[in-house]
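The values are calculated or read from the model by the stated rules, or taken from the named source; none is laboratory data. Keep in mind that what you see is a predicted model, and the values were worked out from it rather than measured. Here the Cβ is made from the backbone with ideal geometry for all residues, glycine too, and neighbour counts use every protein chain on show. These accessible areas exclude ligands, DNA and RNA; they are computed on the full protein's heavy atoms, side chains included. Shrake-Rupley method; radii C 1.70, N 1.55, O 1.52, S 1.80 Å.
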Amino acid sequence: MKFPKTYNLGEIAQLINAEFVGPEDFPITGMNEIHVVENGDIVFVDHPKYYNKALESNATTVLINKKVDCPKGKSLLISDDPFRDFNKLTQYFKPFNQSNKNIADNAVIGAGTIVQPNAFIGNNVVIGKNCLIQANVAIYDDCVVGDNVTIHAGTVLGADAFYYKKRPEGFDKLLSGGRVVIENNVDIGAGCTIDRGVTGDTTIKSGTKLDNQIQVGHDTVIGQKCLIASQCGIAGCVVIEDEVTLWGQVGVTSGITIGTKAVVLAQTGISKSLEGHKTYFGSPVEEAREKLKQLAHVKQIPGIIQKLKNI
């Protein structure tokens, strides 16, 4: 998430009532999660396991819950609760804006695009040319939809990330200030749910086709010309490279990569990154041929046991 202007370290520290380490006029241009941070961004970290990763990341300001040595060329914001203060910044820079219309006044809809009755188009949404938005689709604030896109009834773009911190009193939600970006020539089936990024973009690239009832988690990137069949569940921060096929009811864990032109057969559970140009099956996932051989061998076990009994 980029800020509307460049702020300095002192200004950001004042917004969240935090100490800071570094020049007061140190420039800050945005805030992001660790996997998408760039020069000028704030990243937060609240667990010693990830201190070094955050301090060595591309972020130039680290919101952290311990006084540590500040790396050269960076600045620190010292907070007793970085999760809470990251939320404060999201709330400040991306507050919720209520809408009282089905199509917001500041939404931009391209020539030739059809929006069917009862669809909701939120604030600052951009939709390209020659799209078809079917009835009861909800496109939340700040989403971007390219040209020649079809979105079928009941689909939701831009719901909040499923991201919580466990506290003694319950679960504390990390606020979502990112977007959903749908590129050109994408088809999205009925009843799909595509969550916005926490601070970055959840992206579906050009030519990809989604069947009905598919869940795509926050900050996931789906490449070009992918095919994803019904009832797949894709967690957050996944990278699916170009021309991947996921057949029905595939489940994908967070933070992994599925390589170009991989094919994943139905009802597979993916718990690790997969190389491209191969076919996979099973839970835990393996190459399909190997998994099917194992299943064939399992079927032979009763006969082997019976033969041993007869010896």
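Looking at Thr203, Thr199, can you tell me which residue is in a loop (DSSP other than H, G, I, E, B) and within 17 Å of Cys143 (Cα to Cα)?
None of the other options fit; the residue is Thr199.
Touching a residue at least 12 places away in the same chain (Cβ under 8 Å), surrounded by fewer than 13 Cβ atoms within 10 Å (Cβ to Cβ) and not in a helix (DSSP H, G or I): does that describe Asn118?
Judged against the criteria, Asn118 is a match.
Counting only residues that are in a strand (DSSP E or B) and not aromatic (Phe, Trp, Tyr), which one in segment 6-21 is surrounded by the most Cβ atoms within 10 Å (Cβ to Cβ)?
Here the residue is Val21.
If only one of Gly251, Gly276 is among the small types (Gly, Ala, Ser), buried (at least 16 other Cβ atoms within 10 Å of the Cβ) and in contact (Cβ under 8 Å) with a residue 12 or more places away in the chain, which one is it?
Matching residue, one of Gly251, Gly276: Gly251.
Residue by residue through segment 57-95, note down the ones that are touching a residue at least 24 places away in the same chain (Cβ under 8 Å) and open to solvent by 40 Å² or more (accessible area, probe 1.4 Å).
Once the filter is applied, which keeps residues that are touching a residue at least 24 places away in the same chain (Cβ under 8 Å) and open to solvent by 40 Å² or more (accessible area, probe 1.4 Å), segment 57-95 yields Lys67, Cys70, Arg84, Lys88, Gln91, Tyr92, Lys94.
Any residue in segment 166-177 that is part of a strand (DSSP E or B) and either hydroxyl-bearing (Ser, Thr, Tyr) or buried (at least 22 other Cβ atoms within 10 Å of the Cβ) (or both)?
No: zero hits.
Going through Phe44, Phe26, Phe20 one at a time, which residue ends up being out of contact with any Asp or Glu (no Cβ under 7 Å at 6 or more places or on another chain) and more than 13 Å from Leu63 (Cα to Cα)?
Answer to the selection: Phe26.
Residues being closer than 23 Å to Leu292 by Cβ and either under 17 Å from the mean Cα position of the chain (by Cα) or in a strand (DSSP E or B) (or both): count how many of those fall in segment 257-271.
Number of matching residues: 6.
Go through segment 206-238 residue by residue and tally those that are in a strand (DSSP E or B) and either touching a residue at least 40 places away in the same chain (Cβ under 8 Å) or touching a Gly at 6+ places or on another chain (Cβ under 8 Å) (or both).
4
Is segment 124-133 home to any residue that is surrounded by fewer than 18 Cβ atoms within 10 Å (Cβ to Cβ), assigned to a strand (DSSP E or B), touching a strand residue (DSSP E or B) at 6+ places or on another chain (Cβ under 7 Å) and in contact (Cβ under 8 Å) with a residue 60 or more places away in the chain?
Among the residues of segment 124-133, not one is surrounded by fewer than 18 Cβ atoms within 10 Å (Cβ to Cβ), assigned to a strand (DSSP E or B), touching a strand residue (DSSP E or B) at 6+ places or on another chain (Cβ under 7 Å) and in contact (Cβ under 8 Å) with a residue 60 or more places away in the chain, which makes the answer no.
Kindly list the number of the only condition in (1) out of contact with any Lys or Arg (no Cβ under 8 Å at 6 or more places or on another chain); (2) open to solvent by 40 Å² or more (accessible area, probe 1.4 Å) that fails for Asn148.
Result: Asn148 passes all but (1).
Of all the residues that make up segment 5-20, how many are within 17 Å of Pro71 (Cβ to Cβ) and out of contact with any helix residue (DSSP H, G or I) (no Cβ under 9 Å at 6 or more places or on another chain)?
Selection size over segment 5-20: 1.
Which numbered condition trips up Gly191, out of (1) open to solvent by 10 Å² or more (accessible area, probe 1.4 Å); (2) under 30 Å from Asp81 (Cβ atoms); (3) not hydroxyl-bearing (Ser, Thr, Tyr)?
(2)
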